[in-house]
Amino acid sequence: MSHHIVEVKHLHHVYPDGTVALRDVSFTIHHGESVAVIGANGAGKSTLLLHLNGYLSPTSGEIRIGDFPLTRKTLPEIRRTVGMIFQDADDQLFMPTVFDDVAFGPFNLGLSGEEVKLRVKDVLEQVGATHLLGKPPYHLSGGEKKRVAIATVLAMSPDILVMDEPTSGLDPYARRQLLGLLRDFHHTRIFTSHDLDMVLELCERTIILHQGRVKADGPTRRIFGDDALLAECRLEKPFSMQGCPVCGSRK
């Protein structure tokens, strides 16, 4: 079995205050798939993603990355395979400069100083942030922080990229850059997003969470073509599928 496979079996999560966030969630994602997890606010999307590399532990159920169950023993290796980008970049940036933040992971992998410098330069070029190299993260705009947060994960060369609302806080130019970057990432991509046009553009497959359960799992265009399903889950079609409000034409 490829170690890039993500398998979630009967995942259940209850927060300490008694809130049930996930209810019997099961799915399998294979190497190279690009999968969106969508749903209304409170559906359990972020909670689900935080389980995929061990930031949250299941109340019950199992997560496997390839042949390995996600446990404390396997966590270091799984976190090298599964790169997680948080919705709030401030949760990810903690070093004095952008260089230090992006270099932190590669240094911990045991790379030499010269190898780290080359890797930092490469990933900052990929996200269009080389000019931020020496800046403190707390001096950056929201969009700049997002780019640097993405760079910190790419610097670890993950095989599976997990992103929570990747376009949140980005201006249109930065959004287009990010879409290009994700399009060029040929390994497995899993992300949540309210940016349904991005989902339509990048994902062949979409999973809908509704009240903590998997309500639908299938081809993205088929999901977005089901008006009754979208209405039940408090979702709307991507703007590009809604057509012109004046003439009624559609793409």
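Where a number appears in this text, it was derived from the coordinates with a stated rule and is not lab data. Bear in mind that the values here come from a model prediction, so they are computed numbers and not experimental data. Note that we place each Cβ from the backbone using ideal geometry, even for glycine, and neighbour counts take in every protein chain shown.
Springs between Cα atoms under 10 Å define the GNM used for the chain, and in it the highest mean-square fluctuation of Leu11, Leu140, Leu109 occurs at Leu109.
When the convex hull of its Cα atoms is viewed from all sides, region 63-126 shows a mean projected area of 5.7 nm².
Directionally averaged projected area (region 1-51, Cα convex hull): 4.1 nm². Note on region 55-198: lysine pairs with Cα distance below 24 Å, sequence gap of 8 or more or different chains, count 8.
Ranked by the mean number of other Cβ atoms within 10 Å of their residues, highest first, the peptides 194-206, 126-138, 152-164 fall in the order 152-164, 194-206, 126-138.
If neighbour count is taken as other Cβ atoms inside 10 Å, put Val37, Val6 in order from fewest to most.
Arranged by neighbour count, lowest to highest, Val37, Val6 become Val6, Val37.
Taking label points 7 Å from Cα along the Cα-to-Cβ direction, Tyr173 and Glu115 give a separation of 3.6 nm. The Cα center of region 57-87 and the Cα center of region 142-158 differ in position by 20 Å.
Return the percentage of antiparallel bridges among DSSP beta bridges fully within the chain, rounded to the nearest 5 %. The antiparallel proportion sits near 55 percent.
Just so you know, the Rg over Rh for the chain is 0.98, from Cα atoms, with Rh as the Kirkwood radius. Estimated translational diffusion coefficient (Stokes-Einstein, Kirkwood radius over Cα pairs, 25 °C, 0.890 mPa s) of region 9-115: 154 µm² per second. Inter-label distance, Tyr138 to Glu125: 3.2 nm, where each label sits 7 Å from its Cα along the C-beta direction.
Bridging of Lys215 to lysines at a Cα separation below 26 Å is possible for Lys9, Lys45, Lys237, once same-chain residues fewer than 8 apart are set aside.
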